[in-house]
Amino acid sequence: MPPSPQQQQDRQAQHRLAVLRHAEEWQRRYQDEGLDGLRDRSSKPHHCPHATEADVVNKIVYLRQRYHFGPMKIKMYLKRYHGIDIACSAVYRILKKLGLNRLPASQRHKRHDKRYTRYEKQLPGNRVQIDVKFIEPIGLPEQTPAAAPVTGTRPKRRRRAKYYQFTAIDDCTRLRVLRIYPRCDQKTAVQFLDYVLERLPFRVEVIQTDNGAEFQSVFHWNVLDKGIAHTYIKPASPHLNGKVDRSHRIDAEEFYRMLDGLVIDDTGVFNDKLREWEDYYNYHRPHGALGGQTSYERLKQKTEAPV
């Protein structure tokens, strides 16, 4: 039904009133601000209660660029160390907006159908995985002088240091023991075993290793002599030692990458730095696989008697 003449007049009056008020607003702005008052203004709100503060954004960027953390790990760190509670989705939006949402290839998310299922022992010491990580030469590069001495003697080259990181990780708590050695053989592996059993605060029931030469008969019988079982993973199946393998990737991303450019050519100094990293890993670093707990917090949870 078309509007009545009276309804049409009312609408026209309302329209004219709106125009009049709009004109009065422009006149007021001109009187208050002059010509600037007649310019268009930004429609952006003066205050957005949902906007992330610049300090939080800076922390997110720092954790992403320095440690390559993903949204979940960033959320854990902000909550634990800064008391900042922010959703993973919000962290991701910030990273995407800044072009930081793509990780290096080694860090990228894998589809679930391409992952191996990992099992976790229920008590500390039920199973401890041990493996070795070769450390790229750290120290001054080998250099050959441009010209041989006048005497004709062959110039000497400075040999670069080679190190091996022996790693033990508890299947249940992810508590780790680390040690650097200049050799990788059975004698060294036995020394590391003694060091691990001295350091871990619980009894070890099973040691699990791959089939490397350093873990053969001498090492095997030393384990058994201590009343501990020793099991080898299936050949060509490194995923069965997945926890220690993953921890080595964390070392590369969060520890060794920080040593870039630093010259270390002394086993004692190297072990001092590695011990600092081990303490941080065990007592301060939240783990996604542990629901944000540190290894020590998981150990306390598993060993404290229920009230």
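Quick note: the coordinates plus some simple rules give every number you see, no bench work behind them. Please read all numbers here as calculations on a predicted model, not as lab measurements. Cβ sites come from the backbone with ideal geometry, for glycine too, and all protein chains shown count toward neighbours.
Projecting label points 7 angstrom from Cα along Cα→Cβ for R21 and L240 puts them 7.9 nm apart. Mind checking which of N101, A87, Y62 is farthest towards the positive end of the stretch 54-107's charge dipole, using Cβ charges of +1 (Lys, Arg) and -1 (Asp, Glu) about the Cα centre? Ranked along the dipole, the leading option is N101. Ordering T303, T188 by the number of other Cβ atoms within 10 Å of each residue's own Cβ, fewest first, gives T303, T188. The simple spin-label model puts a point 7 Å past each Cα toward its Cβ; for W221 and Y283 those points are separated by 4.0 nm.
For the stretch 54-107, rounded, prolate or oblate, judged on the Cα gyration tensor with a ≥ b ≥ c (square roots of eigenvalues), a/c < 1.5 rounded, else prolate if a/b > b/c? Write down the numbers at each step before the final one.
On the way: a/c = 1.70, a/b = 1.43, b/c = 1.19.
Note, shape of the stretch 54-107 comes out prolate.
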